[in-house]
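Only one structure is covered here, and it is reproduced in the block below.
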Amino acid sequence: MDDVLLEARDIVKTYGGTRALKGVNFEIRKGTVTTLFGENGAGKSTLMKILSGVEQPTSGEIILEGEPVTFHNTTDARDRGISIIHQELSLAPNLSVRDNIFLGREITGAFGVDYAEETRQTRALLQEMQLPIEPDTMVADLRVGQQQIIEIARALSVDSRILIMDEPTSALAAAEVQVLFGIIHELTARGVAIVYISHHLEEALEVTDHAVVLRDGTMTARGERGDIDLDWIVRNMVGDNFDLGSPPSGYEFGDIALSIQNLRVLDPENPERAIVDGLSLDVRKGEIVCLYGLMGAGRTELLEAVAGRGEVAAGRILLGDRELRNQTIAERIEYGIGLVPEDRQRDGLVQTMSVGQNLTLSSLKDCIVGGLLSRRSEGGLARRLIGEVTVKTPGAEAPIGSLSGGNQQKVVIGKVLATNPDVMLLDEPSRGIDVGAKGEVFRLLASYANRGLAVVYSTSEVGECLSIAHRIIVMRRGRISAEFGADATKEMIMAASGEAVAA
Ligand SMILES: Nc1ncnc2c1ncn2[C@@H]1O[C@H](COP(=O)(O)OP(=O)(O)OP(=O)(O)O)[C@@H](O)[C@H]1O
Ligand SMILES: [Mg+2]
């Protein structure tokens, strides 16, 4: 027991009427990885925010190496060797990568901030993370996955005894995850304790030494490496008989809903290079197509070009019979294109609005009665959507920021479904969604597909492709490198993406 570094005793946290944690006991041990599993809203992030000084417990004690401690803020916790990688990206977009990493703890010399030293250390961290970008790149110019790597690098730059990782890999592809796992092994070998949270259950199992399951603010199970497996986690998280399902069947696809022809999109950072390179793809009404590929394969750029967010260098996009060329994003929504974007913080949600306002934001025209916005029909729509996408919230009026990460993501999906699209594009929509809710989202998409919706679903999880897709398109360097039916295997799909397949 003497390897216990931190002990949380009987932690309670209430937010107004919500009891996020109902008396949780939790231990962190030296040189091990403790993984926290639990459904969306179970209280995982709340517990970690308390251990890292972001939030204060309503009651309960934190004992660090035998001594009771109180963290008034993150600096207190950091001074005691506890750092956190946040679930929601928290970088300052208008600062460089280097300035973000050293924000609030600049390296100073005789002449003020020692930028040369900061740049040197940033470069070393980026190298360790195998991210080939320059330290003075603006964060706003980075993709979500790259930002996530910077978040990790920032936490690594502090010498921590306890490193909390709340969904560190939600925007990373398998290869980047393996880089992180290599780093986790090095850290634990040096005695650092890691707390790991993820809804990529199989991936999380790979690094888990101790597993803890939270359910509704209470700890319901714990297990040790060797005694636990995927079944154990799922059973303890959501109960027995769980299945992600299979692609919807029993109907014929309709006409071509979306036709992408020889599409070319240039890399904004390097216009010599095509990030989508002459790609053609037809999707029929009722069909669910999965896009699988590594980070940088061009999936996001493809979807954004269709949705009207990116510039098209060549090629054609047809929505039914209508050619999409110069229409704005709003016009394309009107015509029937819906996009669940990669970055929910930046593009998906308005942080100052409520859950209900966010849900109905893109479909307010449906709530106009007699020329006026009807609050009543807006409220009705919001309530229907909350039920349909199973958002866990005290009500439609709750601020969006008070929802757990996964529930915010469900709001983004609901908001797009509310626009009644003909073609729905989803870019890594399962980011942060728990297995149970993922099953719900899949069933929802399947039922819409059954009624004629064409779906393009981009993911870095092979298992998702196999559970939802009629057809799997593997992208590699801006092109389609392979195409499979629903009978493909994980190994086939991963191999076609250029990913090393684990033996
Ligand atoms: N600032 C806040 N104000 C009000 N309620 C909050 C706040 N932060 C969290 N909650 C509530 O506390 C509960 C636990 O949320 P938490 O973010 O800890 O869940 P989680 O387990 O991390 O879920 P996820 O897997 O979706 O990230 C939820 O019901 C959430 O809505
Ligand atoms: Mg969370």
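The values are calculated or read from the model by the stated rules, or taken from the named source; none is laboratory data. Just so it is clear, the structure is predicted and the values come from calculations on it, not from any experiment. Neighbour counts run over all protein chains shown; Cβ positions are idealised from the backbone, glycine included. Surface areas here come from the heavy atoms of the whole protein model, side chains and all, with no ligands, DNA or RNA. Shrake-Rupley method; radii C 1.70, N 1.55, O 1.52, S 1.80 Å.
Can you list the trypsin sites (Lys or Arg not before Pro) in region 175-263 that are in a DSSP coil and have 11 or fewer other beta carbons within 10 angstrom?
When the trypsin sites (Lys or Arg not before Pro) of region 175-263 are filtered for loop state and at most 11 Cβ neighbours within 10 Å, ARG190 remain.
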> What's the carbon and sulfur percent of region 256-497's accessible surface, probe 1.4 angstrom, rounded to a whole number?
Replying inline: 49
> Lysine pairs in the chain 8 or more apart or on different chains: how many have alpha carbons under 23 angstrom apart?
Replying inline: 24
> What do the square roots of 5 times the Cα gyration tensor eigenvalues come to for region 139-250, in whole Å, largest first, as semi-axes of the equivalent ellipsoid?
Replying inline: 27, 21, 13
>> Given N residues in region 171-305, what is its alpha carbon radius of gyration divided by 2.2 N^0.38 Å?
In response: 1.48
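What is the antiparallel percent of DSSP beta bridges lying wholly in the chain, to the nearest 5? Display every interim value, and only then the final one.
Details: 52 of 89 bridges.
Antiparallel: roughly 60 percent of the beta bridges in the chain.
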> Rounded to a whole number of µm²/s, how large is the Stokes-Einstein D of region 4-238 at 25 °C and 0.890 mPa s, given Rh as the Kirkwood radius over C-alpha pairs?
Replying inline: 134
>> For region 55-124, which chymotrypsin sites (Phe, Trp or Tyr not before Pro) pass both filters: DSSP loop (anything but H, G, I, E, B) and at most 11 other C-beta atoms within 10 Å?
In response: PHE111
>> Angle check, please: helix 435-450 long axis (alpha carbons) against the longest principal axis of the chain (alpha carbons), in degrees 0 to 90, nearest 10.
In response: 0
> If each of ASN25 and HIS185 carries a label point 7 Å out from its Cα toward its Cβ, how far apart are those two points in nm?
Replying inline: 3.4
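Determine the percent antiparallel among the DSSP beta bridges restricted to region 256-497, to the nearest 5. List each step's numbers first, then the result.
Values: 26 of 45 bridges.
Taking every DSSP beta bridge within region 256-497, about 60 percent pair in antiparallel fashion.
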> Once both labels are modelled 7 Å past Cα along the beta-carbon direction, what's the ARG451-SER280 spacing in nm?
Replying inline: 3.4
>> Could you tell me which residue out of ALA396, ILE149, GLY112 lies farthest along the dipole of the chain toward its positive end? Charges go on the beta carbon: Lys and Arg +1, Asp and Glu -1, centred on the Cα centre.
In response: ALA396
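Say R0 is 35 Å: what FRET efficiency, to the nearest 0.05, do GLU202 and GLU272 get from their beta-carbon distance? Walk me through the intermediate numbers first.
Details: r = 38 Å, r/R0 = 1.10.
The computed FRET efficiency comes out at 0.35.
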> Assuming a viscosity of 0.692 mPa s and a temperature of 37 °C, what translational diffusion coefficient in µm² per second does Stokes-Einstein assign to region 355-503, Rh being the Kirkwood radius over Cα pairs?
Replying inline: 194
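Between SER402 and ARG309, what's the calculated FRET efficiency when r is the beta-carbon distance and R0 is 30 Å? Round to 0.05.
Details: r = 28 Å, r/R0 = 0.94.
Efficiency at R0 = 30 Å is approximately 0.60.
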> Binned at 5 Å from 0, what are the whole-percent values of the Cα-Cα distance distribution for region 263-422, short to long?
Replying inline: 1, 8, 16, 18, 17, 15, 12, 8, 4, 1, 0
>> Take THR328 and ALA110, extend 7 Å from each Cα along the Cα→Cβ direction, and tell me the distance between the two endpoints in nm.
In response: 5.7
> Between region 85-143 and region 1-78, how many Å separate their Cα centres?
Replying inline: 28
> Short version: what are the Cα gyration tensor semi-axes of region 55-165, square root of 5 times each eigenvalue, largest first, in whole Å?
Replying inline: 28, 17, 12
> ASP321 to GLU65: extension gain in nm, 0.36 nm per residue of separation minus the Cα-Cα distance?
Replying inline: 85.4 nm
> Expressed as a whole number of Å, what is the distance separating the alpha-carbon centroids of region 475-490 and region 440-457?
Replying inline: 20
>> Counting C-alpha atoms alone, how compact is region 1-121: give Rg to one decimal and Dmax as a whole number, in angstrom.
In response: 17.2, 52
> Solvent-accessible area per residue for the chain at a 1.4 Å probe radius, Å²?
Replying inline: 43
> Just the Cα atoms of region 191-244: what Rg and Dmax do they give in Å?
Replying inline: 11.3, 38
> For the chain, what is the calculated [θ] at 222 nm in deg cm²/dmol (nearest 500), taking -39500 (n - 2.57) for each run of four or more DSSP H residues and dividing by its residue count?
Replying inline: -9000 deg cm²/dmol
>> If the rule is a partner Cβ under 4.7 Å, which cysteines in the chain fail it?
In response: CYS367
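Once a ≥ b ≥ c are taken as the square roots of the eigenvalues of the Cα gyration tensor of region 245-332, is the result rounded (a/c under 1.5), prolate (a/b larger than b/c) or oblate (a/b not larger than b/c)? Intermediate results must be reported in sequence, preceding the final value.
On the way: a/c = 2.30, a/b = 1.47, b/c = 1.56.
Judged from the Cα gyration tensor, region 245-332 comes out oblate (a/c at least 1.5, b/c at or above a/b).
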> What FRET efficiency comes out for the pair THR220/ASP76, r = Cβ-Cβ distance, R0 = 30 Å, nearest 0.05?
Replying inline: 0.50
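Starting from the Cα-Cα distance between ASP231 and ASP136, subtract it from 0.36 nm times their residue separation and give me the gain in nm to one decimal.
Details: separation 95, 0.36 × 95 = 34.20 nm, distance 4.49 nm.
Once the chain is fully extended between ASP231 and ASP136, it gains 29.7 nm.
Tell me, what does the Kirkwood hydrodynamic radius of region 289-331 come to in angstroms if you use every pair of distinct C-alpha atoms? Before the final figure, lay out each step's value.
Working: mean 1/r = 0.0871 Å⁻¹.
Computed over Cα pairs of region 289-331, the Kirkwood hydrodynamic radius comes out at 11.5 Å.
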>> If you split all Cα-Cα distances of the chain into 20 Å bins from zero, what percentages do you get per bin, shortest first?
In response: 22, 56, 21, 1
> For region 311-405, treating each Cα as an identical point scatterer without solvent, what Debye log10 I(q)/I(0) comes out at q = 0.11 1/Å?
Replying inline: -0.43
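Roughly how many debye, to the nearest 20, is the charge dipole of the chain about its Cα centre, given +1 on each Lys and Arg Cβ, -1 on each Asp and Glu Cβ, and no other charges? Don't skip to the answer; put the middle values down first.
Working: 51 positive and 72 negative charges, 267 e Å.
Using only the charged Cβ atoms, the result is roughly 1280 debye.
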